Amino acid sequence: MIEQHPNWFHDFHPMHSLILGSFPPHQSKHAFPFYYPNKQNRFWKVASLIAEMPLEVPLTEKEKAVEERKRIMEKLKLGIHDVGLEIKRNNNSSLDSNITILKYQDIRKIVSNHPELKRIVLLGFSAKNSAAHAFMRYLKEENIQAVFPDDFKIKSEQQFTVRFDNRILDCVILNSTSSASTVSVETLVNQFSKYLKWPD
């Protein structure tokens, strides 16, 4: 089945970090209409702990739940989007290994609209259509220059830089927050805090 991205992008300033996932899960897994909508995904738990803003709105109140998450993003100066614009999905699977990205989002446009943006964070790296692998293909397709360390491998906490026009941005690969991952919430919070916290 071919799917288009629901275009949930929440644009605000300042945005110092931009998290990129691969693509939202199948609609049957959406608890609310926003990024990381699967109740089993631990992304919002991790983000709320880093922001010190507990998630209090019940998921039955979908619009308020989305607004609560947007406030967390704004406190952390954290944008969120996905690499995929259009995908082909096998069955109703939410696994990155069961999607094929057909078209990419215009990441360059987001970077251009946010001169204050400092870092791109790629969540997930194991599957061929994970955020990290998909972003590498996007860079190649768009002829965007990237500089990798000599020992670079696509794995957790690997860092590199990309050049968007005349700007150089840091990029880092982090663990997926999917419930399929064996990494604990505590480990995720510690890892994400290194790359998502900025001075007020």
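The numbers here are math on the coordinates, done by the rules we state, and not lab data. For clarity, every value in this text was computed on a predicted model and none was experimentally measured. Here the Cβ is made from the backbone with ideal geometry for all residues, glycine too, and neighbour counts use every protein chain on show.
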Taking the Cα centroid of segment 6-36 and of segment 123-185, what is the distance between the two, rounded to the nearest whole Å?
17
Lysines whose Cα lies under 27 Å from that of residue 140, excluding same-chain neighbours fewer than 8 positions away
88, 103, 109, 118, 128, 153, 155
Under a point spin-label approximation (7 Å from Cα along Cα-to-Cβ), what is the residue 57-residue 90 distance to one decimal in nm?
3.6
Using a basic spin-label model with each label point 7 Å from the Cα along Cα→Cβ, how many nm lie between residue 140 and residue 67?
4.5
Protection proxy (average C-beta count within 10 Å per residue), highest first, orders 179-191, 117-129 as 117-129, 179-191
